[in-house]
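The values are calculated or read from the model by the stated rules, or taken from the named source; none is laboratory data. Not measured: the values here are computed from a predicted model. Ideal geometry is used to build each Cβ from the backbone, glycine not excepted, and the neighbour counts take in all protein chains shown.
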Amino acid sequence: MKEAALLPRCSTCRQVPPEGIAGGLWIRGVFLCNRCLADLSSWTTENESYRTLKNSLDRLWQRPDWRRHLASGGRP
C-alpha cells in the first residue's frame, strides 16, 4: 500500500497538508486544508476553487446517509 494513500488530500487544491490530518477539517467525507479554509471567504463563484468545493459538497449532499447523521446529532 502506498503511504500517500493514508494521508488526507484537500478536496479543493488536491494537496496533502504537511501536518497530515491535523492540517485541515473533515466535513462528512470532504477534507479541506487549512490554507483553503483561510482563503474560503475571499472566493467568488467564478473562482475554480469555489466550483471544485461546491461540486464536492454537492456529491456529499446526494449521499443518502447525511440526513441520518444530522437527525442523530452525529451520534451513532
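Some notes on this structure:
- Number of positions in region 22-36 that are crowded, with 20+ Cβ neighbours inside 10 Å, of a type outside the set (A, V, I, L, M, F, W, C) and assigned to a helix (DSSP H, G or I): 0
- Residue selected from region 23-37 under the condition among the small types (G, A, S) and modelled with pLDDT of 90 or more, by the criterion nearest to D58 (Cα to Cα): G24
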